[in-house]
Amino acid sequence: MVSSVRQNGPSSDHPVKYKTDILKSIYNLLFYSFFMVSSFSMAAQQVTISGYVKDAANGEALIGAYVLVDELEKGTATNEYGFFSLTVEPGTYTVKSGYLGYAEFVQNLDLNGNVTLNIELSIESTVIDEIVVKGDRRDQNVRDLQMSVNKLSMGEIKKLPSLLGETDVLRGILVLPGITTVGEGAAGFNVRGGSIDQNLVLLDEAPVYNSSHLFGFFSVFNPDAVKDVKLYKGGIPARYGGRLSSILDVRMKEGNSKQFEMNGGIGTIFSRLSIEAPIIPDKASFIVAGRRSYIDVLAAPFLGEDFEGTALNFYDLTLKTNYRFSDKDQVFLSGYFGRDNFSFGDAAGFSWGNSTATLRWNHLFNEKLFSNITAYYSDYEYQINFGDTEEDQFDWNAHIKNLSIKPELTYYINPNNVVRFGGQMIYYVFEPANALAITDNDFLDISVDRQYSLESGIFIENEVSLFDKFKINYGLRFSHFSYLGGRNVYYYGEAEPGLIRPVEEIEFVERGKTVKSYGNFEPRLSVKYDLGENSSLKASYNRTAQYIHLLSNTTASTPLDIWTPSTNNIRPATANQVAAGYFRNFNNDNIEFSAEVYYKKTNRIIDYVDGADLILNELLEGQILEGEARAYGAEFFLRRNSGRLNGWISYTLARSERLVDGINNNHWYPNRFDQTHNFSLTAFYELSPRSTLSANFVFNTGTPTTFASTRYVQQGYVIPNNDGDTRNNVRIPPYHRLDLSWTLGPNPKKDKKWKGEWVFGLYNVYARRNPFSIFFRQAEGRPVPGQAISTEAIRLSVVGSVIPAISYNFTLK
């Protein structure tokens, strides 16, 4: 462990016409709060210890490392950039810093003035030979104010059994409480009864609109480039906005600033490689990581001439660099570029992919005031094409693009009081369809016009310890959304519930002019009360607003689903969630337990009339229905953090329902992704210092679906009919699966530059044919006159057998 010390001298919807007044009031609140806390802190004669905590081996900032003053029993945790600030009375103190799996830093300081203390932690030699599944303080489960938050270290994710032996971030969070998916081959994930578009997925603060490769089997996040993964399910701080259900915050590595490092892996269906190194040691570094699948390469020799030129692959490239200009300034530039390609020669194909770029600037105004300004660009695009001649073909592509700037400041008043404030502005461009059909050289443009919108928000939050046992984080966010012109705007009349609304008026609005505006106040609150050294009670409330929506009426979301903004016909959705929990640690904090209950009410959710046409439909808004949703449940989590045998048990008991006028006879009905029971058991066993056995078992209640209740027979054909007009009236059979893996790593007692690791895995060990969906069809053959026509149920399973895998991972330093 290394440190450097430098000591200085002492030291809801609202009318548009009220928008300006509201913004002024919020800005005044921000600045008055800032000046009040500044004046308060300057009144006392105090000194400040501030700096960064990093990994001594590679210079990576450690997120959530603790720094405390031993004599005062006061401390703090580092932020997303490894920065900390502690303000105390002058005196002589013992300062400690640590991170689970690292040797503790201890230093005596005589504080007569402000001190800059930069700390580098080294991996503790006594834990190299044992499994450690967490990277934070052992008692963070109890001591941290946050609840409804899941955090996974990459070391933990890499030990999980996985499909085809490939480490995957999203599959890692699916074994945590409150997180579900409708099945294999489904993109995205569901959190506490919310749809997949209600999750804000961030990669270095830039939104990723489709987080999956290969229809949901793998995520877009390269494990060699990821440093930290945190999922907020509730108690969402005011600095986050834009989605109703969750925030998945994925942070990339900065790159090794100490020495050259290469990581990679060769797997069953794809390989990966990452390179990181210092540009200027301890001042500038970079990382470049890439992956590509090769299913099409392996299959090429077995395909006939009709499939020549077939492409079945995905690839991604992740890169990041940073440069520290001074002790007070550092910039980061990161990007992601990925794509999935599925084509069958020149005749047909489709592809999709994300592109993001993020520029961030950290500036330290003084020992107490830390700022970060983020600017990003994000583009999600997909394409479809048919036809192999210029005379007959069809081409369609769609985009959702956005540009954003987000300033954020953190003011550390003292160890018991931290204020954060800032804002964000996002400009959206929606391109639902750029479509061109050519038949016998006749051109038909069936494109859907672009849509433009602007979203903005400002926030302030204060985290404060009021008493020794009581801690609170309260905040307020005001968000505003404008649907802008640049296309035809449609106005619809009334219709019977569940029927298509007729068009009454069409108006062209010039680009840049506001068609419709919305505003929402979003209060946030989290509280914690310590019952003792090893247990605490926590509660939270958050109101969230969402202004963009994913339109999908399929069994599971697909890469080709359409994003749309809130318009004059589609209102923003809002959600209110309350949660409470009990947290307790046992056995010297080695075993942690938590139990949470929650209730979430959502207004203005989107649904559709029966038979709605979502593709290439300029009048789509007339087929959208508006309703409400509710979700409630209990989540239980038990984890053993270290030792030869460790892991966790997760169980969720929940319900998720909707009520939409015109659907299900105006009665509540279960969501498509509703699962009553969700259980997972994850275990790691260290067979030897270099050999680890991992197992994962999951059991989920089957998801709801709609079956016909009666049928008609006409001219020998069976026509199914839902006689009661019910929605999601049955459930498919339950989902369960067992996965195993064995990891054989390098000898920890040998210090080699090249370190290799073999991973052998079995996915779906007992070959369970889990149903993705069930549908009915008429039995084959000519009907026999006078006899009833038979039908049969078909159970579609995406994975129906055991899948073995082997992969080799390596590191070179």
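Annotation note: Cβ proximity below 9 Å between a residue of segment 185-214 that is in the same structural domain as residue 553 (by TED's automatic domain parsing) and farther than 20 Å from residue 735 by Cβ and a residue that is among the basic types (Lys, Arg) and buried (at least 23 other Cβ atoms within 10 Å of the Cβ) (sequence gap 6+ or interchain) occurs for no pair. Answer yes or no: is there a residue in segment 182-196 that is open to solvent by 10 Å² or more (accessible area, probe 1.4 Å), among the β-branched types (Val, Ile, Thr) and not in a helix (DSSP H, G or I). Scanning segment 182-196, I find at least one residue that is open to solvent by 10 Å² or more (accessible area, probe 1.4 Å), among the β-branched types (Val, Ile, Thr) and not in a helix (DSSP H, G or I), so the answer is yes. Number of residues in segment 84-104 that are open to solvent by 10 Å² or more (accessible area, probe 1.4 Å) and either small (Gly, Ala, Ser) or closer than 21 Å to residue 60 by Cβ (or both): the value is 8.
For residues that are among the hydrophobic types (A, V, I, L, M, F, W, C) and either open to solvent by 10 Å² or more (accessible area, probe 1.4 Å) or part of a strand (DSSP E or B) (or both), scanning just segment 149-162, find the one that is nearest to residue 542 (Cα to Cα). Out of the qualifying residues, it is 149. Counting the residues of segment 557-577 that are touching a Lys or Arg at 6+ places or on another chain (Cβ under 8 Å) and either open to solvent by 10 Å² or more (accessible area, probe 1.4 Å) or aliphatic (A, V, I, L, M) (or both) gives 5.
Just one of the listed residues (219, 271) is modelled with pLDDT under 95, among the polar types (S, T, N, Q) and under 23 Å from residue 381 (Cβ atoms), and it is 219. In segment 282-297, the residue that is surrounded by the fewest Cβ atoms within 10 Å (Cβ to Cβ) out of those that are of a type in the set (Ser, Thr, Tyr) and assigned to a strand (DSSP E or B) is 293. Remark: pairs (first residue in segment 523-534, farther than 15 Å from residue 236 by Cα and among the hydroxyl-bearing types (Ser, Thr, Tyr); second residue open to solvent by 30 Å² or more (accessible area, probe 1.4 Å) and at pLDDT below 95; Cβ separation under 7 Å; 6+ apart in sequence or on different chains) = 529/469; 529/470. Within segment 536-556, take every residue that is assigned to a loop (DSSP other than H, G, I, E, B) and not hydrophobic (A, V, I, L, M, F, W, C) and give me the one that is surrounded by the most Cβ atoms within 10 Å (Cβ to Cβ). The residue in question is 547.
Annotation: residue 585 fulfils all but one of (1) assigned to a strand (DSSP E or B); (2) open to solvent by less than 30 Å² (accessible area, probe 1.4 Å); (3) out of contact with any helix residue (DSSP H, G or I) (no Cβ under 8 Å at 6 or more places or on another chain); the unmet one is (3).
Looking only at residues that are of a type in the set (D, E, K, R) and either closer than 19 Å to residue 319 by Cα or not in a loop (DSSP other than H, G, I, E, B) (or both) in segment 211-242, which one is farthest from the chain's Cα centre (by Cα)? Restricting to residues being of a type in the set (D, E, K, R) and either closer than 19 Å to residue 319 by Cα or not in a loop (DSSP other than H, G, I, E, B) (or both), the top hit is 224.
Of all the listed residues (455, 494, 522, 504), the sole one being assigned to a strand (DSSP E or B), of a type in the set (Asp, Glu) and surrounded by fewer than 15 Cβ atoms within 10 Å (Cβ to Cβ) is 504.
Meeting the requirement of 1 or more residues that are open to solvent by less than 40 Å² (accessible area, probe 1.4 Å), the strands (runs of 3 or more DSSP E) wholly within segment 335-449 are 348-364, 369-386, 393-414, 417-439. Inspection of segment 686-694 finds no residue satisfying the criterion of being touching a strand residue (DSSP E or B) at 6+ places or on another chain (Cβ under 6 Å) and closer than 27 Å to residue 623 by Cβ.
The values are calculated or read from the model by the stated rules, or taken from the named source; none is laboratory data. What you see is a predicted model; the values in this text were computed from it and never measured. Because the Cβ atoms are built from the backbone with ideal geometry, glycine has one as well, and the counts that use them run over all protein chains shown. Keep in mind that these areas ignore ligands, DNA and RNA; they rest on the heavy atoms of the full protein, side chains included. Shrake-Rupley method; radii C 1.70, N 1.55, O 1.52, S 1.80 Å.
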